[in-house]
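I have placed the structure first, in the form of structure tokens, so that the comments after it can refer back to it.
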Amino acid sequence: MAMEWWGVALALGLPWLAGTLWVRGGWRDDAPAGAWPLALGYGYVLGMLAVTLLLRLQTAAGLPLNFAGPAVVLALLALAGGEWLRRRNSRPLSMVNLRNWIGSGFPSLRVGVRWQQLLFVLLLIWLGWRFALLAQEVWWRPLFPWDAWTTWTVRPRVWAELGQLAPFVDSQRWLADAAGSVYTIEAWNYPATVPLLALWPTLAYGAWNETAANLPWLGVYVALGLGFCGQARLWGATPLTALIFTWLLLSLPLLNTHVALAGYADLWLAAVFGLATIAFFQWVRDGDRRQGMLALLLIAFCPLVKLEGAVWVLLFIPALLVARLRGWLLLALAGVATALGLGWWWAGGVAFAIPGLGQFVLQPDLIQVPYIGRFALGYRGGWDPVVKNFLILANWHLFGYLALIAAGVAAAAVVRRRVEPWLRAELVFVATSLLALFVLFFLTDAQRWAEQYTSINRVFLDFVPALLFWALTVLVPPRVIAPRSPHTTR
Amino acid sequence: MTEPGILGIRLRPVGGVVLAMLGGAVLTALVLLLFYRVGGLTAVAPPVVLAGTDLKLVSGHGEPTAAGLEIRQPGPQGLVAVQGVVERLIRARLYPRLSWQVEGLERDSELYLTWVTHAEPRTVRERSLPAQNEGAVDLGGEPRWQGRIAAIGLTVRGPLSRPLVVQRLELRPAALGPVELLRWAVGEWTESEDWSQRSINYTAGAPLDALFPPVLVVALWLGFSAALHAAVSPPRRVAGTWMPYTVLFLIGWLVLDLRWQWDLGRRLERTVERFAGKDETARRLAAPDGDLYRFLLEIRQRLPDKPARLFIVSADPGGGTAYQAGRARYHLLPHNSYIGLPQPPEPGVARGGDYVLILSPLAGVRYHRAEQRLEWENQQLPAEMLYSAPAGALFRVLGGAPGGRREERGVRGEARG
């Protein structure tokens, strides 16, 4: 392998290592099964997001854009993370034992190979084969999908070739610019995180290279699976159940497509938002501050990955309130919210400006939020695209049906009044998520995107990891929570 | 304690699940057969009806009337031709039954069906029809009636002593027997699409208008299997009672995933065949826009080393030529391009030393070589042509170099054209 590809391997490996060590260091020797896959999954995502911050810092500090600077910082972070892990764990390298990776849950091997073990291995092989197919697509195919070469990859290519983060502006400013020092694309105001993720391995490669730029997408596919699997184990799923749900996630055709045809931001938002939501669900259930911290970190990045991430962040608020408030206080808050909503409707909405951000308009017939867009509201019903894309076309295999089954089981629990606080918070989260999608695709002009199938699935992809984990929590009983540890908080 | 069965699997419950699956498969097949035999085909594949108002006159003189599209005079060579768009892009083999209704056809006229396919929109095919005012034919035996139909029409050759009114054209699916339905199911399940610009938005898994969408068929199969299992062995409130249903669901998912894996493998074969083992330039030349890339390699040679300010002009940058314009910008990075112009930039916008890349075809723009200027409508831009090819032309805007920043730029390569 040529030297430049070793550099790319380092560009992907260093943040992964640093992130993993820091996340894993959060758990001590008594870490529940699944801590390592969780650390590997969340570690990659957080490590790569940290790289984008380092690149920004590098430029803000007036330093030349290069690989060496952030790489040195990452190496130091990895060393510090390793030391932290060593201090908090007496056997930090026990990960070499597969049983310690996946924890207990299998019947003893002494009675011979059981079907669970056989199925587990077969599933791993199947997932490995899928990964190999997708990896070859990423490796051989030049940058292909539309928004990749019109939006997300234009900036990293310019930055890689110029060796600096040249600014992108709207077309009017570009036309008026006499110096020719600024660039323009239609989506000039989209966040820079995903372009920086594509840029990073090309800095290590030493020149612009599409394959190198796309490799982080392959990494986030693996990381999403590892993070999901680890969280499933932490929830209480057996190794086989956790792997089955991970297979359900990693086999989804649209998710696979976003890896094979790398370059869109949706896969990253799905990973960041999805892993944030899963950590949030765990925190809601047992108050584990480490999960709360993971959720907070990832939630903070959502708006930096895609503009709609800023809206998705708001979806946590009702669930958080339902999780943390009880009885009259919750009812009072719901009453106040309803009264405010009715008052807002009666008054015809509000419009205000925030200096530096711009004009906000929140009216029953119009919503305008700076950087996100202007949406004329009004019912533009049409269930056909929804039914077709979720229950008939191959986008999601049988996920649409699984979600309906999970909703039925959750509804039955509500009817039987067996709703734990965590399930209540999850239900509120799922309901507000679906409401947000309903508003987007039924009440705004985005309905056209649904009818044309252009973004209905891509937007839904953001929610799929979280919804699949929700289905898992509804169908798989949680593990019994140990007595309060220093890491739990209520 | 002795473990039951093989690998710890209890054989009796497994047998129950297998029987339920077999029963479910039979029921699914019967229900689908029944559905398509009692009129379901019309619901899934409704007829394509083109009334007079849906048709356009391609050759001849006339206008739409309440009765239909009325043609009073034939066009050149005594030809009358009408055509209508088939928006659903139907599959020809599914729709072999054509019927037509016209008024005013002469005894010695010749009547033809014309059509174009989605794959070859520029090729018009035709087939003679009985010269009757009303009629129906079965196109099942027509070997060229293949692919997806994008438009159909009628052509009439011969005298026109009175106005000809085209009232209606209709395509209907044929009634399908069990064997044909099975053939359609197998065909749809084994159809593999290559990656396209649509792939990132949705994965159909079969034709969008499939008679047997895999996900729906598997869902039906699982539903029937689960119902059969529940009927024979009702769920009880004991541990493990949901296991058979879980297994059924996972097998259904696996069936779909096997098909997807096979499809991914086929797509990868095409990717490898096209791109594997090539360097970055060769891969781009092998891409769908390889011809454009080849042209842009020539353009790049004529641009300066340092990033230049470049206006990429194409006929419809927000629509029909957005792909070419966007790809041109991407391939020419880090040159500093703007792709939103359907006409060359005005002199106040483009400055001396800027570049203009015109992507063909672009109507209404001329270049005066002697006077070195681009002209369009009532405007002109002094520019030197650096390169010209069928795909487009590159110009350098003449005039003062703004801010003195362009002086250092040399132009590589010889100016041609």
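The values are calculated or read from the model by the stated rules, or taken from the named source; none is laboratory data. The structure presented is a predicted model; accordingly, all values stated were derived computationally and were not measured. Cβ placement follows ideal geometry from the backbone for every residue including glycine, while neighbour counts extend to all protein chains displayed. To get the accessible areas, we keep the full protein, side chains included, count just its heavy atoms, and leave off ligands, DNA and RNA. Shrake-Rupley method; radii C 1.70, N 1.55, O 1.52, S 1.80 Å.
Scoring B:V349 on the criteria (1) within 14 Å of chain A (Cβ to nearest Cβ); (2) of a type in the set (A, V, I, L, M); (3) assigned to a strand (DSSP E or B) leaves a single failure, condition (3). Can you pull out the residues in the stretch A:447-461 that are modelled with pLDDT of 95 or more and charged (D, E, K, R)? Answer for the stretch A:447-461, where residues must be modelled with pLDDT of 95 or more and charged (D, E, K, R): just A:R458. Considering only the stretch A:388-414, how many residues are hydrophobic (A, V, I, L, M, F, W, C), touching a residue at least 24 places away in the same chain (Cβ under 8 Å) and in contact with a Pro (Cβ under 8 Å, 6 or more places away or on another chain)? Within the stretch A:388-414, residues that are hydrophobic (A, V, I, L, M, F, W, C), touching a residue at least 24 places away in the same chain (Cβ under 8 Å) and in contact with a Pro (Cβ under 8 Å, 6 or more places away or on another chain) number 2.
Selection of first residues in the stretch B:302-314 that are more than 14 Å from B:A383 (Cβ to Cβ) and of second residues that are open to solvent by less than 10 Å² (accessible area, probe 1.4 Å) and polar (S, T, N, Q), restricted to Cβ pairs under 6 Å at least 6 apart or on distinct chains, gives the following pairs, ordered by first then second residue: B:P307/B:N336; B:I312/B:S337.
Among the residues of the stretch A:375-418 satisfying the criterion of being among the aromatic types (F, W, Y) and surrounded by fewer than 15 Cβ atoms within 10 Å (Cβ to Cβ), which is farthest from A:W188 (Cα to Cα)? Walk me through it before giving the result.
So in the stretch A:375-418, the residues among the aromatic types (F, W, Y) come out as A:375, A:379, A:383, A:390, A:396, A:399, A:401.
Those still in the list that are surrounded by fewer than 15 Cβ atoms within 10 Å (Cβ to Cβ) too: A:379, A:383.
On the way: A:Y379: 30, A:W383: 33 Å.
Among those residues, the one meeting the criterion is A:W383.
Looking only at the stretch A:172-208, residues that are modelled with pLDDT under 95, open to solvent by less than 10 Å² (accessible area, probe 1.4 Å) and polar (S, T, N, Q) come to 0 in all. Across the stretch B:352-374, the number of residues qualifying as basic (K, R) and either within 36 Å of the chain's Cα centre (by Cα) or open to solvent by less than 50 Å² (accessible area, probe 1.4 Å) (or both) comes to 1. For the stretch A:191-299, the helices (runs of 4 or more DSSP H) that sit wholly inside it and include 1 or more residues that are more than 14 Å from chain B (Cβ to nearest Cβ) and more than 15 Å from the chain's Cα centre (by Cα) are A:193-205, A:210-235, A:239-250, A:266-286.
For the stretch A:71-86, the condition holds for at least one residue, the condition being that it is β-branched (V, I, T) and either over 16 Å from A:Q291 (Cβ atoms) or modelled with pLDDT under 95 (or both).
Give the residue that is nearest to the chain's Cα centre (by Cα), with candidates limited to residues of the stretch A:139-165 that are more than 7 Å from chain B (Cβ to nearest Cβ) and open to solvent by 50 Å² or more (accessible area, probe 1.4 Å). Even if it seems obvious, please write down each step before you answer.
If we filter the stretch A:139-165 for residues that are more than 7 Å from chain B (Cβ to nearest Cβ), which is where we start, we get A:139, A:143, A:147-148, A:151-153, A:155-156, A:159-160, A:163-165.
Adding the requirement that they be open to solvent by 50 Å² or more (accessible area, probe 1.4 Å) leaves A:139, A:164.
On the way: A:W139: 23, A:Q164: 28 Å.
Of everything passing the filter in the stretch A:139-165, A:W139 is nearest to the chain's Cα centre (by Cα).
Do the conditions hold for A:I372, that is, is it within 14 Å of another protein chain (Cβ to nearest Cβ) and either under 25 Å from the mean Cα position of the chain (by Cα) or open to solvent by less than 50 Å² (accessible area, probe 1.4 Å) (or both)?
Values: within 14 Å of another protein chain (Cβ to nearest Cβ): no; either under 25 Å from the mean Cα position of the chain (by Cα) or open to solvent by less than 50 Å² (accessible area, probe 1.4 Å) (or both): yes.
So A:I372 fails the test.
From the list B:W253, B:W184, exactly one residue is open to solvent by 40 Å² or more (accessible area, probe 1.4 Å) and in a helix (DSSP H, G or I). Which is it?
Details: B:W253 fails: open to solvent by 40 Å² or more (accessible area, probe 1.4 Å).
Just one listed residue meets the conditions, B:W184.
Looking across B:L30, B:L11, B:L98, one residue alone is touching a helix residue (DSSP H, G or I) at 6+ places or on another chain (Cβ under 7 Å) and either closer than 30 Å to B:W242 by Cβ or open to solvent by less than 50 Å² (accessible area, probe 1.4 Å) (or both). It is B:L98. Scanning the stretch B:190-199 for residues that are of a type in the set (D, E, K, R) and surrounded by 15 or more Cβ atoms within 10 Å (Cβ to Cβ), we see that the one that is farthest from the other protein chains (Cβ to nearest Cβ) is B:E193. Of all the residues in the stretch A:375-397, those that are within 18 Å of A:L440 (Cα to Cα) and either of a type in the set (S, T, N, Q) or within 26 Å of the chain's Cα centre (by Cα) (or both) number 7.
Reported count of residues in the stretch A:17-59, each being open to solvent by 10 Å² or more (accessible area, probe 1.4 Å), at pLDDT below 95 and of a type in the set (A, V, I, L, M), is 2. Only one of the numbered conditions (1) away from every other protein chain (no Cβ under 14 Å); (2) touching a residue at least 60 places away in the same chain (Cβ under 8 Å); (3) outside any helix (DSSP H, G or I) is violated by A:R417, and that is (2). For the stretch A:448-472, a residue qualifies if it is outside any loop (DSSP other than H, G, I, E, B), charged (D, E, K, R) and in contact with a Gly (Cβ under 9 Å, 6 or more places away or on another chain), and exactly one does: A:E451.
All of (1) over 22 Å from A:L252 (Cβ atoms); (2) open to solvent by 40 Å² or more (accessible area, probe 1.4 Å) hold for A:F168 with one exception: (2). The residue of the stretch B:200-250 that is most open to solvent (accessible area, probe 1.4 Å), among those that are of a type in the set (A, V, I, L, M), in a loop (DSSP other than H, G, I, E, B) and facing chain A (nearest Cβ under 8 Å), is B:L208.
Regarding the stretch B:35-49, can at least one residue be identified that is assigned to a strand (DSSP E or B) and either surrounded by 16 or more Cβ atoms within 10 Å (Cβ to Cβ) or among the small types (G, A, S) (or both)?
Restricting attention to the stretch B:35-49, the residues satisfying the condition of being assigned to a strand (DSSP E or B) are B:48-49.
Checking the rest, the ones that are also either surrounded by 16 or more Cβ atoms within 10 Å (Cβ to Cβ) or among the small types (G, A, S) (or both) come to B:48.
Within the stretch B:35-49 (the criterion being assigned to a strand (DSSP E or B) and either surrounded by 16 or more Cβ atoms within 10 Å (Cβ to Cβ) or among the small types (G, A, S) (or both)), the answer is yes, since at least one residue qualifies.
Candidates are the residues of the stretch B:266-279 that are open to solvent by 20 Å² or more (accessible area, probe 1.4 Å) and facing another protein chain (nearest Cβ under 7 Å); the one that is nearest to B:G187 (Cα to Cα) is B:V272. Mind listing whichever residues of the stretch B:300-311 are touching a helix residue (DSSP H, G or I) at 6+ places or on another chain (Cβ under 8 Å) and within 12 Å of another protein chain (Cβ to nearest Cβ)? Within the stretch B:300-311, B:P307, B:L310 meet the criteria.
Residue-wise test of (1) surrounded by 22 or more Cβ atoms within 10 Å (Cβ to Cβ); (2) within 10 Å of chain A (Cβ to nearest Cβ); (3) in a loop (DSSP other than H, G, I, E, B); (4) among the polar types (S, T, N, Q).
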| site | (1), (2), (3), (4) |
| --- | --- |
| B:R283 | no, yes, no, no |
| B:E298 | no, no, no, no |
| B:G318 | no, yes, yes, no |
| B:Y323 | no, yes, no, no |
| B:A328 | yes, no, no, no |
| B:P334 | no, yes, yes, no |
| B:I339 | yes, yes, no, no |
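Residue by residue, here is whether (1) modelled with pLDDT under 90; (2) in contact with a His (Cβ under 8 Å, 6 or more places away or on another chain); (3) not aliphatic (A, V, I, L, M) holds:
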| position | (1), (2), (3) |
| --- | --- |
| A:V428 | no, no, no |
| A:S433 | no, no, yes |
| A:D445 | yes, no, yes |
| A:F463 | no, no, yes |
| A:A466 | no, no, no |
| A:T473 | no, no, yes |
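Being farther than 25 Å from A:L165 by Cα and assigned to a strand (DSSP E or B) narrows it down to one residue among B:L357, B:L362; which is it? Break it down stepwise before answering.
Working: B:L362 fails: assigned to a strand (DSSP E or B).
Unique residue meeting the criteria: B:L357.
Filter the stretch A:124-138 for residues that are facing chain B (nearest Cβ under 9 Å) and open to solvent by less than 60 Å² (accessible area, probe 1.4 Å); which is farthest from A:L267 (Cα to Cα)? Break it down stepwise before answering.
From the stretch A:124-138, those facing chain B (nearest Cβ under 9 Å) are A:126, A:129-130, A:133-134, A:136-137; that's our starting set.
Then drop every residue that is not open to solvent by less than 60 Å² (accessible area, probe 1.4 Å), which leaves A:126, A:130, A:133-134, A:137.
Values: A:W126: 21, A:R130: 17, A:L133: 18, A:L134: 14, A:E137: 16 Å.
Within the stretch A:124-138, the match that is farthest from A:L267 (Cα to Cα) is A:W126.
Entry remark, the stretch B:120-162: residues being open to solvent by less than 80 Å² (accessible area, probe 1.4 Å) and within 14 Å of B:Q83 (Cβ to Cβ) number 11 in total.
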